[in-house]
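Notes follow the structure.
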Amino acid sequence: MIASPVKPLFVFVITFSLLLVIIILSPSPHFLQIPVPSSSSLGGSVIWSVKRTMEWRPCKWWLQGHLTPLPAQTNGYIRVDCYGGLNQMRRDLCDGVGIARLLNATLVLPKFEVAAYWNESSGFADVFDVDYFIQKMSGFINVVKELPKGIESKEPFRVDCSKRKGQFDYIESVLPSLLEHHYISFTPAMSQRRDRYPQYAKAILCQACYSALRLTSSLEKKAIELFDAIAKPFLSLHLRFEPDMVAYSQCEYQNLSPSSVSAIEAARVDRKPWTGELAQIWRKRGKCPLTPNETALMLQSLNVPTNTNIYLAAGDGLMEMEGFTSVYTNVYTKSALLNREDFTRMHGNTKAALDYHVSISSDAYVATYFGNMDKIVAAMRTYKGMHNTLFLSRKAFAELTSQGLGGAELKSALWEVHKNDFAIGRGFALPDCFCEFEL
């Protein structure tokens, strides 16, 4: 007769049960630990629980600072003239710093455009800490607050760089002007070929973009005040559905309110919307901004609970917001959280800086577009090791809805698209300063 190993089996069962209890009671390691409705048709997992297969991190060649020593003598002084909204100007500055190093120039503090369109009058020093910028750029490039005697009172010679995109473009076309006039200004072309830069110039661009720009102490204090006023944990949502944005896209929408239609028409000027088959092709390319209602549907397809705390990182004039707030009710805005008098005094750059600070610090960040702010925020979050970042796919939404998908079928298809995007870190960071690592 063979004896049965009852005791070992009993010990195994008890041990396994204890381990199971520990696992169940252990807190989730993910950000945004908000309960997900158990009735979810997509398995009850919020998008942040998807296992990532790729991860972006700052490239070692930049962080380790293997730099080419600065030349003993400068070729002259360069001022970068920055235009547009805050994040576009920041992009201009980053590119301009890299170009200045290519030309062995000394950098003068940049000039920020004074623009009525952006309700803007603040300069570089009104938004960013100048002394911190100079300190962090030390060893990468020389930066001065004031010009030396002889040229301190002269205006820089303006150089057109609209068609200059690579290292040799600048050396062959811009360097002669720098050597002749000693003090020049330019605005970098929108599409830079940074891959053509030598590594030391790329390292300087990365340092300027991600390490050297810090808000002024007064603005940082206001940003912290705003951050502290938002219930935690929270998701920062960059939603773009303003009249000028829709008009610029040349897209048409059905079932908008009369006030929204009127605002869009007023903003169109000569940018008439596409019609017929061209309109469908344009939309399928992902060119049309998501409406607030479409955004709510997409967040639901990603199992983001409707009781999630959401900070709205957006400009003034968002339309059709009831389509979003009727679904996601815990929505926070700058105008509601800040002192009314402070808010009305703020210019466009100040408001954008607050959105930026909150978005790089939030538990999760979701963008409905892929503009300058989204690229900067996603990269900064990657730099800080915060990977709960996602770009909603307008292209996928247009393609799937054109196929007639709706309801649970549409949500399931959207889940699959965004699950794959999140797993590989699509859009998390630009390859100029960040490298991919397999997990």
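The values are calculated or read from the model by the stated rules, or taken from the named source; none is laboratory data. Just so it is clear, the structure is predicted and the values come from calculations on it, not from any experiment. Cβ: placed from backbone, ideal geometry, glycine included. Neighbour counts: every protein chain shown. Quick note on the areas: whole protein, heavy atoms, side chains included, nothing else; ligands and nucleic acids left out. Shrake-Rupley method; radii C 1.70, N 1.55, O 1.52, S 1.80 Å.
A few points about this structure:
- Picking from residues in the range 287-323 that are outside any helix (DSSP H, G or I) and of a type in the set (Val, Ile, Thr), the one that is surrounded by the most Cβ atoms within 10 Å (Cβ to Cβ) is Ile310.
- Among the residues of the range 242-281, those identified as within 18 Å of Phe324 (Cα to Cα), outside any loop (DSSP other than H, G, I, E, B) and hydroxyl-bearing (Ser, Thr, Tyr) are Ser259, Ser260.
- Apart from one condition, Ser326 fits all of (1) polar (S, T, N, Q); (2) surrounded by fewer than 15 Cβ atoms within 10 Å (Cβ to Cβ); (3) in contact with a strand residue (DSSP E or B) (Cβ under 7 Å, 6 or more places away or on another chain); the exception is (3).
- Every residue from the range 245-264 that is open to solvent by 40 Å² or more (accessible area, probe 1.4 Å), modelled with pLDDT of 95 or more and not hydroxyl-bearing (Ser, Thr, Tyr): Pro258, Val261
- Considered as a group, the residues in the range 362-383 that are among the hydrophobic types (A, V, I, L, M, F, W, C) and open to solvent by 10 Å² or more (accessible area, probe 1.4 Å) include one that is farthest from Val246 (Cα to Cα), and that residue is Met380.
- Here Leu239 fulfils each of the conditions (1) open to solvent by 20 Å² or more (accessible area, probe 1.4 Å); (2) touching a residue at least 40 places away in the same chain (Cβ under 8 Å) apart from (1).
- Single residue of the range 421-431 satisfying the filter (open to solvent by less than 30 Å² (accessible area, probe 1.4 Å) and part of a loop (DSSP other than H, G, I, E, B)) that is modelled with the lowest pLDDT: Ala429
- Restricting attention to the range 397-412, the residues that are in contact (Cβ under 8 Å) with a residue 60 or more places away in the chain and not hydroxyl-bearing (Ser, Thr, Tyr) total 6.
- The criterion of at least 3 residues that are surrounded by 16 or more Cβ atoms within 10 Å (Cβ to Cβ) and modelled with pLDDT of 95 or more is met, among helices (runs of 4 or more DSSP H) falling completely within the range 123-231, by 130-137, 175-181, 217-229.
- Leading residue by the ranking (nearest to Ala203 (Cα to Cα)) among those in the range 27-85 that are surrounded by fewer than 18 Cβ atoms within 10 Å (Cβ to Cβ), in contact with a helix residue (DSSP H, G or I) (Cβ under 6 Å, 6 or more places away or on another chain) and modelled with pLDDT under 50: His30
- One residue stands out in the range 232-241 among those that are modelled with pLDDT of 95 or more and assigned to a loop (DSSP other than H, G, I, E, B): the one that is nearest to Ala352 (Cα to Cα), namely Leu239.
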